[in-house]
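Here, each number is a calculation from the coordinates, and none is a lab measurement. Not measured: the values here are computed from a predicted model. Every residue, glycine as well, gets a Cβ built from its backbone with ideal geometry; the counts of neighbours run over all protein chains shown.
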Amino acid sequence: MDTNTEILHDFAPYFRILKNGSIQRLVGTEFVPAGQDTTTGATSKDVTIDPNLNLSVRLFLPPNPSKSEKLPILIYFHGGAFILESAFSPTYHAYVGSLASNCNVLAVSVDYRLAPEHCVPAAYDDSLAAIQWVLSCKDDWLSEFGDFNRIFMAGDSAGGNIAHNMALREIGTKIERLILFHPWFGGSEPKVTDEGHMKSRFVTNMLWKYACPSADSVDDPRINPMAQDAPSLTGLNCKRLLVCWAGKDGLKEWQKAYYEAVKNSGYQGEVEMCESEGEEHCFHITTPGREKAKELMDLVGSFFSKN
């Protein structure tokens with residue numbers, strides 16, 4: 001047997017890392033075609049932004065959109081530790097479609113390149129390119145239905161990490177609303193003895209090095225926004241920020257620390273938090289029928305509709 005193809009780390013049922021550095025993806029590889037979704041009522045289509053990079057987005061319109069009442073534009077970044085899932089997988093097609101329908105937004109789901117084939121910063125570069133494409137208004141759905149004075153941004157897990165990092169970039173406009181769902185942050189602090197947190201620390205340290213082999217440590221500012229040399233959180237380019245975490249998520253201590261750091265940074269916008277007690281990491285995406293997932297969707301709709 002070729003020892004290079006032996007399993008180095010087994011994260012079944014999600015993925016396996018082999019000794020040769022490659023990955024076996026066990027979820028998130030299925031492709032759902034765009035079109036009319038009878039479950040959410042949303043209509044979707046795919047647009048290739050850069051064929052050389054195979055960079056695409058999936059756009060979602062809510063049911064019966066009106067050209068006379070423009071829709072907020074939500075740019076969404078999917079999760080998956082920078083190595084799993086896509087904008088076209090069953091999980092994210094369903095979730096972003098439900099956001100479009102329930103929150104009455106024009107959603108743009110970004111299909112960024114994945115590690116280890118394309119390590120970080122490829123995901124950030126692709127996400128920034130997608131934002132710039134949206135703002136260029138080169139698509140008929142965006143020009144006919146989108147309100148470019150109301151740009152929203154959101155992401156879960158690694159996608160929440162991307163959303164945070166994009167909010168620190170100069171993109172040429174102010175983000176009206178930013179939601180970080182259970183964002184994937186890490187670092188050497190806070191030091192907590194909770195077993196779930198310690199396990200998450202180990203997994204984060206290992207996966208971040210795998211997704212971003214150029215990083216010096218898990219205190220790289222891209223994964224640890226509270227690191228000593230991280231950009232100031234006062235530079236977050238959004239008017240309102242909502243940080244969400246789950247009670248049983250081993251990452252929650254970093255997410256809570258991030259929320260407190262933003263509050264105490266001198267950030268000039270409004271910052272809110274939401275904890276889903278008794279729930280796991282990204283439960284609202286994997287089990288959208290749960291009562292607390294529905295409550296979170298209602299909260300998101302309310303957050304998006306605030307004046």
Q | Between region 253-307 and region 1-44, the Cα center-to-center distance that results, in Å | A | 27
Q | DSSP bridge pairs, the chain: antiparallel proportion in percent, nearest 5 | A | 40
Q: Compute the relative contact order of the chain as a whole-number percentage, counting only Cα pairs closer than 8 Å that sit 6 or more residues apart in sequence.
A: 14
Q. When the label point is put 7 Å from the Cα of Lys239 along its Cα-to-beta-carbon vector, which residues of region 270-307 have a backbone N closer than 16 Å?
A. 270-272, 302-307
Q: Sort largest first and round to whole Å: the equivalent ellipsoid semi-axes of the chain, each the square root of five times a Cα gyration tensor eigenvalue.
A: 29, 23, 19
**Q.** Shape call, region 222-270: gyration tensor on alpha carbons, a/c limit 1.5
**A.** oblate
Q: Between Asn64 and Val27, take the C-beta separation as r, use R0 = 41 Å, and let me know the FRET efficiency to the nearest 0.05.
A: 0.75
Q: Rank by packing, highest mean first: peptides 237-243, 249-255, with packing defined as the count of other Cβ atoms within 10 Å averaged across residues.
A: 249-255, 237-243
**Q.** Cβ-Cβ FRET estimate between Thr38 and Gln228, R0 fixed at 45 Å, reported to 0.05
**A.** 0.30
Q: Count charges around Gly269 for me, please; just the other residues with Cβ under 13 Å from its Cβ, Lys/Arg as +1, Asp/Glu as -1.
A: +3
Q. Over region 165-307, what is the mean sequence separation of C-alpha contacts under 8 Å (at least six apart), divided by residue count, expressed as relative contact order in percent?
A. 28
Q | Stretchable slack from Ser214 to Glu6, in nm (0.36 nm times residue separation minus alpha-carbon distance) | A | 72.5 nm
**Q.** Estimated [θ] at 222 nm from DSSP helical runs (n ≥ 4, -39500 (n - 2.57)) normalised by residues in the chain, nearest 500
**A.** -9500 deg cm²/dmol
